[in-house]
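A short worksheet on the structure shown next.
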Amino acid sequence: MNSNRWKTLYNEQSKGYEWMVQHEDYEGNLLPALNKIHPLENADVVEFGAGTGRITAQLIPLVSNAWAFDITPPMVQIATEKLKQSDRSNWLVGVGDSRAMPVPTACADIAVEGWSIVQIMAWHMDTWRENVGQAIDEMMRVVRPGGAVILIETLGTGVITPEPPDLFNVVYDYFERERGFLSTWIRTDFCFASLAQARDVLVPLFGDAAEDKMIETDRGVVMPECTGIWWRDV
């Protein structure tokens, strides 16, 4: 994983990131999977590393309240603009570090993060265990007894069954062996209107080899994506 490339994307090309994630999980598999872990209806949710609000936007029609934070101001700005276009007022978006969240203890039924814990690892390779541990401790802190902590991370792009990047296997093992998380996985495939569009969005991030993994279907050009979900009750 090229962490500098992703840092540039988050900080300087956040609109491009939002364009990419708008095409992810076109079959709508994520929310049903989360709802099986803990009912979303009327839940209070704190989202860690919310990015441009791709999960937040899906949650707010269902949950009671959603408080979403990200460390990158350009991403937070896009999330705010997007959520303002909804007919909901049950959300708050702000800048916040997942290792020290600006919310009270035991304020939520669910703490969730999507595709952000591995970024903490990648950006703090020498001290990843300490930094990832701080983020998970914060997630545990903000959840009330009877709630759940949910981690959502990649298990491979361009694959039809899980093939996680080697770099991340150690942190996924940490989730399960040291922090007591259970796990499952789903497909969250990307779907684009044309091959040209898929190339323009995915090749800059995943390299030229990404084109060989694209599948033309009657619904559009699909890039398979496997996503892992880890959860722990509180």
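Values quoted throughout were computed directly from the atomic coordinates according to the rules given, and no laboratory measurement underlies them. Remember, it's a predicted structure, so these values are computed and weren't measured experimentally. Using ideal geometry, Cβ is built from the backbone for each residue, glycine included, and neighbour counts are taken over all protein chains shown.
Things worth noting here:
- Computed lengthening from residue 126 to residue 160, 0.36 nm per intervening residue step minus Cα-Cα distance: 9.1 nm
- 3J(HN,Hα) from dihedral phi, the stretch 196-211, Karplus parametrisation 6.51/-1.76/1.60, rounded to Hz, x for glycine, proline: 4, 5, 4, 4, 4, 7, 8, 4, x, 8, 10, x, 4, 5, 4, 4
- For the stretch 76-203: relative contact order, % (alpha-carbon pairs under 8 angstrom, 6 or more apart): 22 percent
- Summing +1 for each Lys or Arg and -1 for each Asp or Glu among the other residues whose beta-carbon sits under 15 angstrom from that of residue 25 gives -3.
- Counted charge near residue 131, where neighbours are those whose Cβ lies closer than 12 Å (Asp, Glu -1; Lys, Arg +1): -3
- Total lysine pairs whose alpha carbons fall under 25 Å of each other in the chain (8 or more apart, or interchain): 6
- Unit charges at the beta carbon, dipole of the stretch 3-233: most positive-side option, 215, 142, 121: 142
- Taking the charge dipole of the stretch 3-233 about its Cα centre, with +1 at Lys and Arg Cβ atoms and -1 at Asp and Glu Cβ atoms, the residue from 90, 110, 198 reaching farthest to the positive side is 90.
- Hydrodynamic radius (Kirkwood) for the chain, which is based on Cα pairs only, to one decimal in Å: 17.9 Å
- When both bridge partners sit in the chain, DSSP labels roughly 50% of those beta bridges antiparallel.
- Given charges at beta-carbon only (K, R positive; D, E negative), |dipole| of the stretch 3-233 in Debye: 460 debye
- Label-point separation, residue 196 to residue 106 (7 Å along Cα→Cβ), nm: 5.9 nm
- In terms of other Cβ atoms within 10 Å, 26, 17 run from fewest to most in the order 26, 17.
- Listed residue (168, 56, 34) projecting farthest to the positive dipole end of the stretch 3-233, Cβ model: 56
- Helix-only mean residue ellipticity at 222 nm for the chain, each DSSP H run of n ≥ 4 adding -39500 (n - 2.57), per residue, nearest 500: -10500 deg cm²/dmol
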